[in-house]
1. Kirkwood-based Rg over Rh for the chain (C-alpha set), two decimals?
2. Report, in degrees rounded to the nearest 10, the 0 to 90 angle that the Cα long axis of helix 7-51 makes with the longest principal axis of the chain.
3. Using a probe of 1.4 angstrom, how much of the accessible area of the chain is carbon and sulfur, in percent?
4. Run down the aspartates and glutamates and flag those whose C-alpha is under 20 Å from the C-alpha of residue 18, throwing out any fewer than 8 positions away in its chain.
Amino acid sequence: MFDFNKLGDLSKMASQAKEIQQSQEKVQKEQIDILHKISNQMDEVINLLKSK
């Protein structure tokens, strides 16, 4: 049978898991933004080198 005394603990764990997931998603978005910037800069360098 399900132990309803543990329901509060499960709810707290679910909340913590959601916070961790949101934090990881934020870090991943920041990493993607940085990679986009690097990619754009590399494109600029390539275009400069091609024009020489």
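1. Taking Rg over the Kirkwood Rh, I get 1.54.
2. Rounded to the nearest ten degrees, it is 0.
3. The C+S portion of the solvent-accessible surface of the chain is 58 percent.
4. Residue 18 reaches 9, 30.
The values are calculated or read from the model by the stated rules, or taken from the named source; none is laboratory data. Source: prediction; values computed, not measured. Accessible surface areas use protein heavy atoms only, side chains included; no ligands, DNA or RNA. Shrake-Rupley method; radii C 1.70, N 1.55, O 1.52, S 1.80 Å.
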